[in-house]
Amino acid sequence: MSESPQSLNPYQAEIVERCRPAVRVAAQDFKAPRVVQFEDYVVKFNQNDPSLFNEADTQSFVYATALKSSAPSAPRIPEVYECFLWDKWHYLVMERIQLPTIEDWIKDDPPSNESRSESSAARAQSQSETRFEKACEAVSNALTWLFSLSPPPGSDIGLIQGPYSQLQSPEVRDKSGYAFNRFFGSHYKAPIRYTNADALERHINMALKTCRGRNPRPMKVNFSDEPLVMVQDVIKAHNFLIDPQTLQVTLLNFGSISVLPRSFASYTLSNYTDAFSKRIYEVMNWERSGNMSPMVAATGLYWLMTEACKCFGLDKHGVPDSKFVYRSD
């Protein structure tokens, strides 16, 4: 993609200029926020990470699907307005939906002229608990819709590769938009862009073969009979917006939504320990995958290994990589 001044249209140039102060701070401070909220839109930006294009494609796909859905549980999705690269910084511009996060909505007590007597405090706690239950039910419905959503035909494992990703070279596309899930270890990022579920299955089974010394029973995953779905990994109250009137949920953070076998939905839901996520798992009553035990065994190895070793000598297709010699004994 060209980075000459002529490659920015007027709208993009305005975005770059308005974000310049935040970008300048982020360039000096790795921990600085990389999100800027304006009156009508929100801008996410990062440096030298083309996965933001995959995030835009993933968000656009879920947005278009939700817009056409007649299901009452379909969530609201911020519309993607623009995604582009300028001066090694990637910019994702999206609709700003001015609703409270579920975290804030649960905490927000209604205004009261009463003094904080014991009875009024008890009522406030009761209302908070009621909101907690309503929020958990609303998010459960939204996630059930999402976890049942089939990705575009021919999708790889990971974030979606759509029109924005196609603006990049094949080499860049091949190294961006890796699946994001806690299964893959401390950074939650898959070590490679698997071409399909079979490739992912072979990688995980190689991991299980590697750790068989600690687990004498042979274990294998089998994804052949299950569909690919959209799996949200970050199930936290601050990661969802809610309409206080309709209780419709808005999904956020599409960089953590990946195309994965359905077993990963089961794995993700069952691996949270906070009250909010645990309650969602209970309300959803999601089936326990038959792959759960081998996945739990394999993820322990992913968390222990360095990024360079997590491919287990296999390439993105799940076949031995001639450039890498790996010993499992």
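Please treat every number below as a calculation from the coordinates, not as lab data. Source: prediction; values computed, not measured. Methodologically, a virtual Cβ is constructed for each residue, glycine included, from the backbone with ideal geometry; neighbour enumeration extends over all protein chains shown.
The table that follows gives values for the structure above.
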{"quantity": "Residues of segment 163-194 that turn out to be of a type in the set (Gly, Ala, Ser) and out of contact with any Leu (no Cβ under 9 Å at 6 or more places or on another chain), as a count", "calculated": "2"}
{"quantity": "Strands (runs of 3 or more DSSP E) enclosed by segment 195-314 - at least 1 residues per element that are farther than 25 Å from residue 80 by Cβ, out of contact with any Leu (no Cβ under 6 Å at 6 or more places or on another chain) and among the charged types (D, E, K, R)", "calculated": "none"}
{"quantity": "Test for residue 163: is it loosely packed, with under 15 Cβ neighbours inside 10 Å, outside any helix (DSSP H, G or I) and not small (Gly, Ala, Ser)", "calculated": "yes"}
{"quantity": "Residue tally, condition crowded, with 17+ Cβ neighbours inside 10 Å, under 19 Å from residue 234 (Cβ atoms) and not hydrophobic (A, V, I, L, M, F, W, C), over segment 273-294", "calculated": "3"}
{"quantity": "Filter result for residue 305 (surrounded by 14 or more Cβ atoms within 10 Å (Cβ to Cβ) and either of a type in the set (Asp, Glu) or in contact with a helix residue (DSSP H, G or I) (Cβ under 6 Å, 6 or more places away or on another chain) (or both))", "calculated": "no"}
{"quantity": "Subset tally (residues that are in contact with a helix residue (DSSP H, G or I) (Cβ under 7 Å, 6 or more places away or on another chain) and buried (at least 19 other Cβ atoms within 10 Å of the Cβ)) for segment 132-145", "calculated": "5"}
